[in-house]
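To keep things clear, I will list the structure first and then write my remarks on it.
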Amino acid sequence: MTSNDGGAAPDAELLTATTALGDALRELIETSVTTTADAAEVAAAAELVRTATARIGGRPRPVSQLPRLDDPSVGRRVFNPVTGIANPLAPPLVVRQDGDGVVAAATLGLAYEGPPSFVHGGMSALFMDQMLGSAAGAAGLWGMTAHLELDYRGPLPLQTPLVLRARVESSEGRKAHITGTIARAAEPEKVLVEARGLFVMPRPEKQAAYFGAITDASGKPSPPRRPGDATALRLA
């Protein structure tokens, strides 16, 4: 189990298999955007992927139903697109507490490319949104993104170790102001992306409107008790 699992999952065998699938699909995604194979090999690979998809695609869950491996109440989101160990879209980031904030490391491949050889700017926004939410969660300030803005001070290079940081600057009532940065791990003081966000805890009536229809995998009503998408942190 990694730090973004948020404790023991109810089905360890399923978690192991699902994580292995996520890892394999990450490799496939990266290979698919870097391959120089000829058309026949690529077409054959596409057929193999379709066969695999058909094998596991018989009963997809509805959007209102949580995966049976997830438990938002303890921060376990294995399919989160940034930190989810079973989501092939995720690097995945492992976010840990660091002083009065949080930190994560990542080396991003060509699947995240925007300008040639650099990370897509929208990916920076996605990662910063997650990091700011994790900083809020680490400070006990659960909420949802109300405002997010980024300054791009330089392009983020692909295939290069990066360090991502975030911390709560201030909070009052239901609101928290949070900042974050991304830099090369080799030059952590040279900030390439800077983010500022406002996170707000929805009022009870909004929480009910947003999440009242959410159920667990058995169909039992299971609205999250702390709205947000921050996942559990490594405390070391």
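We did not get these values from a lab; they are worked out from the coordinates using the rules stated. What you see is a predicted model, and the numbers here were worked out from it, not measured in a lab. Cβ placement follows ideal geometry from the backbone for every residue including glycine, while neighbour counts extend to all protein chains displayed.
Assorted remarks:
- Summary value for the chain: 23 percent relative contact order, contacts being C-alpha pairs under 8 angstrom separated by 6+ residues.
- The lysines within cross-link reach of Lys190, meaning a Cα-to-Cα straight distance under 21 Å and a gap of 8 or more places when in the same chain, come to none at all.
- Residues listed by number, segment 201-225, amide nitrogen under 14 Å from Asp11 label point at 7 Å toward C-beta: 216-219
- Size of charge dipole - the chain - debye, nearest 20, with Cβ of Lys, Arg +1 and Asp, Glu -1, no other charges: 760 debye
- Vicinal HN-Hα couplings computed from phi for segment 83-88 (Karplus, 6.51 cos²θ - 1.76 cosθ + 1.60; Hz; Gly/Pro x): 10, x, 5, 9, 9, x
- Between Ala139, Pro204, Ala24, the Cα set farthest toward the positive side of the dipole of the chain (charges on each charged residue's Cβ, about the Cα centre) is that of Pro204.
- Computed FRET value (nearest 0.05) for Thr51 with Leu126, which takes r as the C-beta separation and R₀ as 30 Å: 0.45
- At q = 0.11, 0.12, 0.14 Å⁻¹ the log10 of I(q)/I(0) for the chain amounts to -0.63, -0.74, -0.99, computed by Debye summation with a single uniform scatterer per C-alpha, solvent ignored.
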